[in-house]
Amino acid sequence: MLKQTLEQGRELTDAALERLLPAADQRPSSIHQAMRHSVFAGGKRLRPILCMEAGRMLAGSLPSGIEDLGAALEMLHTYSLIHDDLPALDNDDLRRGRPTCHKVFGEAIAILAGDALQTLAYEVLSRLRCSAEFRVRVIEEIAHGTGTIEGMIGGQVVDLEAEHSQPDLATLEYIHRSKTAALISASVVSGGLYAGADDEAVGALRGFGQSIGLAFQIVDDVLDVTQTSEQLGKTAGKDTAAEKATYPALFGVDESLRKAGVPSEMHVFEKGPHGVGLANDDPFLAPWSTLLGNWLRLRGFANRS
């Protein structure tokens, strides 16, 4: 059932992206090819799936048109990856097992491709098939989650400034909660809003999103120091080389996984069709105990729209 849900979410997201993105031969073709190169390079589609499942939980079934919201979230996530890989930031040659956008199309087109995905995402959001009130709230939630105040861009700034230093736990948590967890949380909340979530449900969804977003980033930090580039689909050991602020650097691997809610008997990783995850588990997300525990607590908010 779980794997079926994940696969359905990936298929719905990819179909929406195919429909919403300009064709590769649409003029100017260079930027549209660059956008598609990065969007369709694979990936878990974590944010769209969490968005759609939050909407399903609140509405009782998958709300019509919510896959467009999921696609917009994936566009924003991909834009952040394109820019994150640039020489001025992480300077990475691999992403999802393929050459990064700037390695294939050059830095100028890569920058513009990221910009274009961001603007297209908000165009898609402006046309969502929900009430005007909830459409505006969705846009506000996502804009805040990708912004500078406790959002993705702000987290990226603090991450850059913390390189080659020894940040404390408060700084490390700020980076992870902003750079990664904020957009994941916005994905969960926006899915709920699309389904008509009330303020109480929104609060519960936000708390869940923030917790699972932090756990996801902790596990990602662990993978960076325990896996090869071939396994990860991106350059391994980059965080250590750049002396970035990470949980393994501060606490070690086992303690980091414990903080992420991963049972000790599951601390073995293997490669799956959509990335690296825990052995004998779906690679979509490692800390299932934390995920499912929070998810079940949210069941009290189901079908309340």
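What follows draws every value from the coordinates through simple rules; no lab data is involved. This is a predicted model, so every value here is computed, not measured. FYI the Cβ positions are ideal-geometry reconstructions off the backbone, even for glycines, and counts take in every protein chain you see.
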### Task
Please give the length that would be gained between LYS3 and SER64 if that part of the chain were fully extended, namely 0.36 nm times their separation in residues minus their C-alpha to C-alpha distance (nm, one decimal).
19.8 nm
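Pairs of Cα atoms under 8 Å, at least six residues apart: use those to get the relative contact order of segment 1-153, whole percent.
Over segment 1-153, the number comes to 22 percent.
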### Message
Calculate the FRET efficiency for TYR122 and LEU169 from the Cβ-Cβ distance with a Förster distance of 41 Å, rounded to the nearest 0.05.
### Response
0.75
### Message
Rounded, prolate or oblate, given the Cα gyration tensor of segment 50-98, with a/c below 1.5 counting as rounded?
### Response
prolate
### Task
Pull out the extension gain between LYS103 and LEU250, defined as 0.36 nm times the separation in residues minus the alpha carbon to alpha carbon distance; nm, one decimal.
49.7 nm
### Query
With labels modelled as points extended 7 Å from the Cα through the Cβ direction, what inter-label distance (nm, one decimal) is found for ASN91 paired with ALA143?
3.5
### Task
Determine the alpha carbon to alpha carbon distance for each of LYS44/LYS244; LYS3/LYS259; LYS179/LYS244; LYS3/LYS103 and list only those over 22 Å.
LYS44/LYS244; LYS3/LYS259; LYS3/LYS103
#### Entry: Pairwise label distance in nanometres, LEU160 with GLU133, each label 7 Å out on the Cα-Cβ vector
4.0
## Note on the structure
Honestly segment 6-134 on the Cα gyration tensor test (a ≥ b ≥ c root eigenvalues; a/c under 1.5 rounded, otherwise a/b vs b/c for prolate or oblate) is just prolate
### Query
Once amide H atoms are placed 1.01 Å from N in the peptide plane, what residues at a sequence separation of 5 or more from LEU94, or on another chain, have their amide H within under 5 Å of its amide H?
THR100, THR235
### Query
Where does segment 69-175 land on Rg/Rh, using Cα atoms and the Kirkwood Rh?
1.03
